1. Are there any pairs with C-beta distances below 6 angstrom linking a residue in the range B:28-50 that is surrounded by fewer than 15 Cβ atoms within 10 Å (Cβ to Cβ) to a residue that is part of a strand (DSSP E or B), with the two at least 6 apart or on different chains, and if so which?
2. Among the residues of the range A:331-346, how many are more than 13 Å from chain B (Cβ to nearest Cβ) and surrounded by 15 or more Cβ atoms within 10 Å (Cβ to Cβ)?
3. Tally up the residues in the range A:16-55 that are acidic (D, E) and closer than 26 Å to A:T81 by Cβ, please.
4. For the range A:67-74, check the following and say yes or no: at least one residue is in contact with a Phe, Trp or Tyr (Cβ under 7 Å, 6 or more places away or on another chain), at pLDDT below 95 and outside the structural domain of A:L216 (by TED's automatic domain parsing).
5. Could you tell me which numbered condition A:A353 fails, if it satisfies all but one of (1) within 14 Å of chain B (Cβ to nearest Cβ); (2) more than 19 Å from A:L244 (Cβ to Cβ); (3) small (G, A, S)?
6. Kindly provide the set of residues from the range B:87-99 that are surrounded by fewer than 22 Cβ atoms within 10 Å (Cβ to Cβ) and within 11 Å of chain A (Cβ to nearest Cβ), ordered by number.
7. Could you check the range A:1-25 and list, in sequence order, the residues that are surrounded by fewer than 13 Cβ atoms within 10 Å (Cβ to Cβ) and either of a type in the set (V, I, T) or farther than 26 Å from A:A228 by Cβ (or both)?
8. Take the residues in the range A:229-243 that are surrounded by fewer than 19 Cβ atoms within 10 Å (Cβ to Cβ) and of a type in the set (A, V, I, L, M); name whichever of them is farthest from the chain's Cα centre (by Cα).
2 protein chains.
Amino acid sequence: MTDTVHIDLGDRSYPILIASGLLAQADTFAHCPKASQALIVSNDTVAPLYARQLQAALAPHYPKVELVVLPDGEAHKNWTTLQGIFDALMHNGADRKTVLFALGGGVVGDMTGFAAASFMRGVPFVQVPTTLLSQVDSSVGGKTGINHPLGKNMIGAFYQPQLVVCDLDTFDTLPARELSAGLAEVIKYGPIADMAFMDWLEAEMPALIAGDKRALAHAVRRSCEIKADVVSKDEREADLRAILNFGHTFGHAIEAGMGYGVWLHGEGVGAGMVMAAELSQRLGLVDAAFVRRLRALVARAGLPVRGAILDSQDNAGRYLELMRHDKKSQAGAIRFVLIDGPGKAVVREAPDALVREVIDLCCAEAVQA
Amino acid sequence: MTDTVHIDLGDRSYPILIASGLLAQADTFAHCPKASQALIVSNDTVAPLYARQLQAALAPHYPKVELVVLPDGEAHKNWTTLQGIFDALMHNGADRKTVLFALGGGVVGDMTGFAAASFMRGVPFVQVPTTLLSQVDSSVGGKTGINHPLGKNMIGAFYQPQLVVCDLDTFDTLPARELSAGLAEVIKYGPIADMAFMDWLEAEMPALIAGDKRALAHAVRRSCEIKADVVSKDEREADLRAILNFGHTFGHAIEAGMGYGVWLHGEGVGAGMVMAAELSQRLGLVDAAFVRRLRALVARAGLPVRGAILDSQDNAGRYLELMRHDKKSQAGAIRFVLIDGPGKAVVREAPDALVREVIDLCCAEAVQA
């Protein structure tokens, strides 16, 4: 049985399909735009597992189905790798109707989306996310892009896919560390929007960690529903959409400060959510019990609850420096996504002294989960 | 007296201002978006002439006005140069409100626009075109981008500026060859849309070539009006907008085949319009007198009326190979912008044999103007 979640964005609306076995079925792609060729973009980890199945499923729809394989990992989310997609398109004689299929995790999806947004100023693309993180977050909502050496996702476009295909069977080949990283983006939807979902996650965390399909199907669907609701109200992040970045301001600083790829994105978000919750508490927005509860859930998902030490001399200073480059910053002031009472997020600034206190606490001590 | 042409695109509408002395006046920029900083992007030819004036005019509006200077020329319209804009933005601590000002010709405008479209997934930008070509064509309508080694403008975005400032005084420093190149894009508006404008151009060509401001003001305004009309009906080139590429299919092949920067874009368009007119005649769409008339006007503008030899063995084959990479091509078939009776353009395919005949004629013979 296939679950469908609709992203409602006027003439840029599209469905998210959620079920087992989807990517290998030709029917899944029956309503994709027609073209004389399709290009599958994948990486050297995922392509050997699923590219042949996807090629076979697309063959009835496109006279020519080509494949380009990128190196795996956040460290390759840059122009050099992106150029590999453009080169493949040019060498295959692609045109304005050529459809790109992103087969992989968030890095593949973000780069394929930006390539689709930019090639000939825009060709259609489809997301086929193969990690939990990309199914519940990055493949939905149209944020695409690459990293700048000084900041994550600094260069990109808002560009919506035609379709998102979440095949739950891809979790069978997902390493435990990646499953945990994906759970960080699932967990975030509770504190920012739906405490009943947080209750459910607390009850079902053992099943999720064990790879139970029924539990994972619900986690993916509910995450996509909440994201769809937020994105349909604020596609280009004028305001509301920023709440989806709960945990990301601290998390991005960890990722950038450690060097992309050392911490997984979801790991940074895990620790970052705990830090953002601590900051929320210090601003009087939530109580200590809420912070303890969130920290425990993050830990049970197999995620770090402490930040990395980025600088042995002035760790907090290094965090602040990196966070000032965050895209939410305005005129040098860092804007944090904080929890304004359980189930509700707010975007606001915070005094540097308080932020330093949180960083010192969350990075130095062995925090009890 | 300032002429104003409006580009009507709903919430992406903006004015084009046309007059002498505009870029040095603070008033010109009074309605630009507010921000804590602005970044002027220029090149090493234009910056020494006008950057200080523009900086002074922007100073009352922005606490900080920075400048980044790119190397001049089509050969630098690539990712490496674009990266220089992103680096400047990151090093200056730019945020989502930072406004980019493109000060230069089409290359600077296209790259600055793509940088603005992509930086943090979109920041505002203003076009201050300093060449005739960019004032009448490239700065208007929101096409931005960079070249791929295998094709011109293959990577980019549709992204509209907030304002276009056409300062006629910049023509005082424009080399004669660049003025002629700009006239190619002025001339094209006659055959595709307005034969009365073609009559006017035939009468005023001596004044235009001599740099007469009154004549140039009219040429800029009428060109912008026609372009505004076409773009407002078809922003993303679903169909109609392609007629603005009259002469560009052959022209782009010449530019790419010779190596970017050897022929100016306008020179390629000049010869390309003659070749497209010859093809139109062979398809029975216009008579020989029209082709002669257009060729004569192109020649009087100081532009080439013959194509370059791109391959001594198989020149027509090389043209066809390059033209198949054109963005208008579909499933490998080249789609030409042709003249379907004076003042009306049409986009259609043509038999290879006929295209080869035109290339052989237009590149081999010394055609009489």
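1. B:D44/B:V69
2. 10
3. Within the range A:16-55, residues that are acidic (D, E) and closer than 26 Å to A:T81 by Cβ number 1.
4. The answer is yes; a qualifying residue exists.
5. (1)
6. The answer is B:D87, B:M90, B:H91, B:N92, B:G93, B:R96, B:K97.
7. A:T4
8. Among residues in the range A:229-243 that are surrounded by fewer than 19 Cβ atoms within 10 Å (Cβ to Cβ) and of a type in the set (A, V, I, L, M), the one farthest from the chain's Cα centre (by Cα) is A:A238.
The values are calculated or read from the model by the stated rules, or taken from the named source; none is laboratory data. Because the structure is a prediction, the values reported are computed rather than measured. Here Cβ is always computed from backbone atoms with ideal geometry, including for glycine, and neighbour counts include all displayed protein chains.
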